[in-house]
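The values are calculated or read from the model by the stated rules, or taken from the named source; none is laboratory data. Keep in mind the model is a prediction, meaning the values are calculated, not measured. Cβ placement follows ideal geometry from the backbone for every residue including glycine, while neighbour counts extend to all protein chains displayed.
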Amino acid sequence: MTADHHHPAELAPIEARVAAIESVLVEKGILDIDTLDVIVQNFEDNLGPMNGAKVVARAWTDPAYKERLLSDATAAIKEFGFEGPEGEFMVVVENTPDVHNLVVCTLCSCYPWPTLGLPPKWYKAPAYRSRAVREPRKLLAEMGTVIPADVEIRVWDSSAEARYLVLPMRPEATADMSEEQLAAIVTRDSMIGVQRL
Amino acid sequence: MTGAPLSDASLPRDNGELVFEAPWQARALAIAVALTEKLGLPWDAFRLRLMDEIAKDPQRPYYESWGAALESMVVDLDLTSPAALDAAAPTERAPL
């Protein structure tokens with residue numbers, strides 16, 4: 001073991017830059033390390049598609065809740081305590097036998113953090129952001145989701161003014177399942193609209 | 001209490017997929033969230049910059065655009081200057 005084994009390896013330029021921004025803000029007393037840790041921890045532990053899945057499962061089992069969700073999604077989602085950055089101006093779009101909804105953010109990476117966590121890498125990629133609008137049916141097929149030709153695909157461009165969450169159709173043969181069991185079968189991708197359950 | 005360094009195992013996973021590819025990405029995200037909250041700014045104060053940085057260089061890795069947006073925000077808010085960031089020695093800072 002060498003004396004300097006604790007010294008970090010040389011940082012990549014962007015890594016060093018972010019470290020510099022952090023340290024300057026901390027030294028000035030604008031931010032503190034603990035606050036940053038709490039935010040990261042919150043993303044790890046509390047934010048993710050398991051939250052959106054609970055919302056979907058309730059909408060499947062409670063018609064009054066579903067009505068609230070479709071008319072004021074932000075408020076209905078807040079009933080679970082899911083709120084915070086990127087959680088405002090939520091709009092839930094419902095899949096039906098005739099309509100399949102797909103969510104994208106063409107300009108950056110708007111995504112409902114409280115209900116889905118952080119977006120997957122492909123959601124932020126230029127290819128997804130442009131093709132979801134231009135050729136959604138083809139893109140979905142390439143992602144393994146074939147939408148029947150007679151089903152309309154509606155593409156929703158998330159922004160600061162509206163962040164979309166797809167309410168997937170409840171799969172058949174789930175009549176006996178509890179709300180909790182239903183939540184377990186709802187996937188992240190189904191709530192973005194790149195998958196059908 | 002100082003922040004414990006994040007180990008790879010602690011990186012958030014989403015449907016089995018890593019949300020962050022490296023701990024500095026998590027820090028970059030947390031700084032943007034914490035700063036807008038602390039200063040009472042709308043999230044758009046950061047998001048519009050991120051949009052601009054992505055548009056400027058669409059093929060650049062996402063979190064590098066994020067870092068550039070963060071730098072432009074802190075510099076424009078007069079919280080620091082590019083020269084001060086150049087002078088900051090990251091190895092003396094909290095571990096990333």
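Considering the range A:114-128 alone, what residues qualify as being out of contact with any helix residue (DSSP H, G or I) (no Cβ under 8 Å at 6 or more places or on another chain) and not in a loop (DSSP other than H, G, I, E, B)? Within the range A:114-128, A:P126, A:A127 qualify. The listed residues are A:P112, A:P120, A:P85, and the only one of them that is touching a Pro at 6+ places or on another chain (Cβ under 9 Å) and either not hydroxyl-bearing (S, T, Y) or not assigned by TED's automatic domain parsing to the domain that holds A:A162 (or both) turns out to be A:P85. For the condition touching a helix residue (DSSP H, G or I) at 6+ places or on another chain (Cβ under 8 Å), more than 9 Å from chain B (Cβ to nearest Cβ) and either loosely packed, with under 14 Cβ neighbours inside 10 Å or among the basic types (K, R) (or both), A:A75 qualifies. Among the criteria (1) assigned to a helix (DSSP H, G or I); (2) more than 11 Å from chain B (Cβ to nearest Cβ); (3) charged (D, E, K, R), the one A:E15 does not fulfil is (2).
Taking the range A:138-165 as the region of interest, how many residues are in a loop (DSSP other than H, G, I, E, B) and of a type in the set (K, R)? Break it down into steps so the answer makes sense when it comes.
Of all residues in the range A:138-165, those in a loop (DSSP other than H, G, I, E, B) come to A:143-151, A:158-162.
Retained after the next criterion (residues that are of a type in the set (K, R)): none.
The total comes to 0.
Step by step: first the residues of the range A:40-55, then only those that are out of contact with any Pro (no Cβ under 9 Å at 6 or more places or on another chain) and at pLDDT 90 or above, then the one that is nearest to the other protein chains (Cβ to nearest Cβ). Which residue is that? Step by step, filter the range A:40-55, then rank; the result is A:P49.
Looking at the range A:166-173, can you tell me whether even one residue there is assigned to a strand (DSSP E or B) and either among the small types (G, A, S) or at pLDDT 95 or above (or both)?
We begin by selecting, within the range A:166-173, every residue assigned to a strand (DSSP E or B); these are A:166-167.
Pick out the ones that are also either among the small types (G, A, S) or at pLDDT 95 or above (or both) and you get A:166-167.
Yes - at least one qualifying residue is present in the range A:166-173.
Among the residues examined, B:A32 does not qualify as at the interface with chain A (Cβ under 7 Å from one of its Cβ atoms), of a type outside the set (D, E) and buried (at least 21 other Cβ atoms within 10 Å of the Cβ). Residues in the range A:159-190 that are over 15 Å from A:L69 (Cβ atoms) and among the charged types (D, E, K, R) were compared, and the one that is nearest to the other protein chains (Cβ to nearest Cβ) is A:R188.
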